Amino acid sequence: MEQQIRFNDNKSLFYNRGKSALGPSPRTLCLLLEYRAQVAKALEPIFTDGLLNHFTIKLAEQEIRHFIQVNQFMQFTSKDKLQLAELYKDQFMRIWSLLQNEGAGEEVVQQFFQKHYQQLRTFLIQTNSEELFKKYTMDPHLFWVPCEEYSADLQVSWLGLDVEHLHPPVLDLGCGPQANLVRFLREKKIEAYGMDGIFF
């Protein structure tokens, strides 16, 4: 699954000006077409041991983190997470059926993936509005959303910070992976910390 996610990394889910940029990787096609019995055996415990709910919730959490990494302006509620988990549950049931169907060829697998991407697009539009994704329809590749990398000077200016009169310690929530403001304040000998998935 990680390999399949990496294959589609940096490709737009919403591109609509030509052939879809997304699809199954050659390795995924090989697994689903040539090794379907082995894949079915590997997945069987998920269905027979009652692990499907747990597995799909974890998968939904991972995918929501991935969506937010692409665009930090996306927002999701716990209800949205459960809705996405249900979508993945449906997908796994369909994969299970596909694996049992010895006659299913590459075209069927391609159709399966395209339906999955359509469901993800619908989910994102329902949860975050169509307006947010208009720009993603224009290019097959994703674009950088620069909100996490604002320079420290720009942040100080926008926030109207009087650096000389800050009362430490300072905590920057959502500091971005570079923690630019935190590093800037520390250079000024101000005790500062940042949180953005990891703690600085």
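Approximating the spin labels as points 7 Å out from Cα along Cα→Cβ, the residue 8-to-residue 143 distance works out to 2.2 nm. GNM on the chain, alpha-carbon springs under 10 angstrom: the most fluctuating residue among 118, 83, 178 is 178. Listed by chain and number, the lysines placed with their C-alpha closer than 26 angstrom to that of residue 115 are 11, 19, 41, 58, 79, 81, 89, 134, 135; residues fewer than eight positions away on the same chain are left out. For the stretch 146-195, relative contact order (Cα pairs under 8 Å, six or more residues apart, normalised by length) works out to 41 percent. The candidate values were [x] 1.30; [y] 1.14; [z] 0.95; the one computed from these coordinates for Cα Rg over 2.2 N^0.38 Å carries the label [x]. Ranked for footprinting exposure by Cβ neighbours inside 10 Å, fewest first, 116, 165 give 165, 116.
For the chain, the longest principal axis of the C-alpha atoms and the axis of helix 36-48 are separated by about 70°. Relative to the longest principal axis of the Cα atoms of the chain, helix 52-70 runs at roughly 50 degrees.
Since every read-out is calculated from the coordinates, none of them should be taken as a lab result. For clarity, every value in this text was computed on a predicted model and none was experimentally measured. Cβ coordinates were reconstructed from backbone atoms using ideal geometry, including for glycine residues, and neighbour counts include every protein chain displayed.
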